[in-house]
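One structure is given here, and the rest of the page talks about it.
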Amino acid sequence: MRRKVTKAIFPVAGQGTRFLPATKSVPKEIMTLVDRPLIQYAIDEARAAGIKEFIFVTSRGKYALEDYFDVAPELEASLRKRGKTELLETLKSTNMESGAIAYIRQHKALGLGHAVWCARRLITNEPFAVILPDDVIAAEKPCLQQMVEAYAETGGSMVATMEVPPEKASSYGIIDVKEDMGSMVSVKGMVEKPQPGSAPSNLAVIGRYILTPKVLQNLNRIKTGAGGEVQLTDAIADEIEADRDVYGFRFRGQRFDCGSKAGFLQATVAFGLSRPDLRDEFSDYLSGMAAQRNAAQ
Ligand code: G1P
């Protein structure tokens with residue numbers, strides 16, 4: 001029997017400089033899509049996939065994340081007193097079972113591979129997931145759940161993947177495809193942020209991974225890669241070198257790059273429109289705005 005994936009690592013140590021000045025005092029992961037912070041979307045997705053232990057790799061100035069997943073006795077008491085049961089219910093998704101969440105500090109910003117490696121002592125000999133909260137994925141069945149189901153069939157290591165325009169390839173980890181089986185591709189190589197024009201395909205790695213503990217061993221070598229950082233992509237590519245299986249998984253869903261301002265705004269519109277309590281008013285506003293713009297042209 002293949003071991004179940006019950007632990008997930010959330011690398012949340014980044015400074016979020018693209019969102020300054022907001023991120024001067026608010027961690028990027030607490031920035032809000034409609035009314036929920038980015039990290040809540042990631043946690044909900046992990047829970048839907050059966051994750052029971054949540055490992056945050058943080059850095060200085062991320063206290064707001066720890067508080068967010070703690071109880072808020074005064075707030076809860078005041079809501080209870082005022083009979084706000086719906087709001088109390090809303091807060092439930094922010095509560096974690098005692099001991100289910102761990103925070104590890106990444107003391108130096110040495111890259112994504114290094115961040116994942118910082119959590120190595122909390123992962124024993126078991127497969128684990130990695131979720132990058134910047135990549136928000138809207139999907140009928142949450143992306144990590146799709147992957148956990150696929151992983152039950154394949155084993156190995158698996159990365160979420162999607163097609164990107166060739167001119168964008170140098171912003172991603174890119175897969176070199178061995179065999180394309182539709183929703184699943186077997187991988188013969190992976191390159192982090194290839195030079196323009198040298199990408200082996202247009203299949204990019206998106207921030208969802210299911211990895212074997214061997215990948216953590218590969219990271220022990222602390223090999224510096226693209227951008228002078230320790231790259232997770234390189235540690236996964238080392239698996240292929242060692243003749244172990246790596247798969248790309250074409251998830252069903254729409255991915256938003258909430259690490260960029262344009263992506264964040266697009267996600268805000270999409271999630272706003274998908275909310276029954278906002279849909280009508282918001283879509284009237286958007287169509288009115290589009291009509292005004294067209295008339296002005
Ligand atoms: C990271 C990974 C990259 C992946 C991307 C997806 O890059 O290193 O392989 O394609 O996330 O969002 P970053 O965006 O942190 O530079």
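The values are calculated or read from the model by the stated rules, or taken from the named source; none is laboratory data. This structure is a prediction, so every number in the text was calculated from the model and none was measured. Because the Cβ atoms are built from the backbone with ideal geometry, glycine has one as well, and the counts that use them run over all protein chains shown.
Look at (1) part of a helix (DSSP H, G or I); (2) within 16 Å of the ligand (Cβ to nearest atom); (3) exposed (fewer than 14 other Cβ atoms within 10 Å of the Cβ) and you find that residue 115 fails only one, number (3). Of all residues in the range 16-30, those satisfying the criterion of being away from the ligand (no atom under 12 Å from the Cβ) and in contact with a helix residue (DSSP H, G or I) (Cβ under 9 Å, 6 or more places away or on another chain) are 17, 19, 22, 23, 25, 26, 27, 29, 30.
Got at least one residue in the range 75-86 being touching a His at 6+ places or on another chain (Cβ under 8 Å) and without any contact (Cβ under 8 Å) to a residue 24 or more places away in the chain? Let's see the steps before the verdict.
Step one: list which residues in the range 75-86 are touching a His at 6+ places or on another chain (Cβ under 8 Å), which gives none.
No, there is no match, as no residue in the range 75-86 is touching a His at 6+ places or on another chain (Cβ under 8 Å) and without any contact (Cβ under 8 Å) to a residue 24 or more places away in the chain.
Yes/no per residue for (1) more than 16 Å from the ligand (Cβ to nearest atom); (2) over 16 Å from the mean Cα position of the chain (by Cα); (3) surrounded by fewer than 22 Cβ atoms within 10 Å (Cβ to Cβ):
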site: 130; (1), (2), (3): no, no, no
site: 141; (1), (2), (3): yes, no, yes
site: 146; (1), (2), (3): yes, no, no
site: 150; (1), (2), (3): yes, yes, yes
site: 157; (1), (2), (3): no, yes, no
site: 165; (1), (2), (3): no, yes, yes
site: 174; (1), (2), (3): no, yes, no
site: 188; (1), (2), (3): yes, yes, yes
site: 225; (1), (2), (3): no, yes, yes
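Here residue 267 does not qualify as farther than 30 Å from residue 22 by Cα and of a type in the set (Gly, Ala, Ser).
Confirm whether residue 275 is touching a helix residue (DSSP H, G or I) at 6+ places or on another chain (Cβ under 7 Å), on the phi < 0 side of the Ramachandran plot and either exposed (fewer than 13 other Cβ atoms within 10 Å of the Cβ) or without any contact (Cβ under 8 Å) to a residue 12 or more places away in the chain (or both). Here the answer is no, as residue 275 does not meet what is asked. Taking the criterion of being within 14 Å of the ligand (Cβ to nearest atom) and not β-branched (Val, Ile, Thr), the only residue of the range 237-246 that qualifies is 237.
Do we find that residue 239 is in a helix (DSSP H, G or I), over 13 Å from residue 113 (Cα atoms) and touching a Leu at 6+ places or on another chain (Cβ under 9 Å) in this structure? Before the answer, list the steps.
On the way: in a helix (DSSP H, G or I): yes; over 13 Å from residue 113 (Cα atoms): yes; touching a Leu at 6+ places or on another chain (Cβ under 9 Å): yes.
Judged against the criteria, residue 239 is a match.
Out of everything in the range 247-259 that is of a type outside the set (D, E, K, R) and within 13 Å of the ligand (Cβ to nearest atom), what residue ends up being surrounded by the most Cβ atoms within 10 Å (Cβ to Cβ)? It comes out as 248.
Within the range 190-215, restricting attention to residues that are surrounded by fewer than 20 Cβ atoms within 10 Å (Cβ to Cβ) and more than 13 Å from the ligand (Cβ to nearest atom), the residue that is modelled with the lowest pLDDT is 197.
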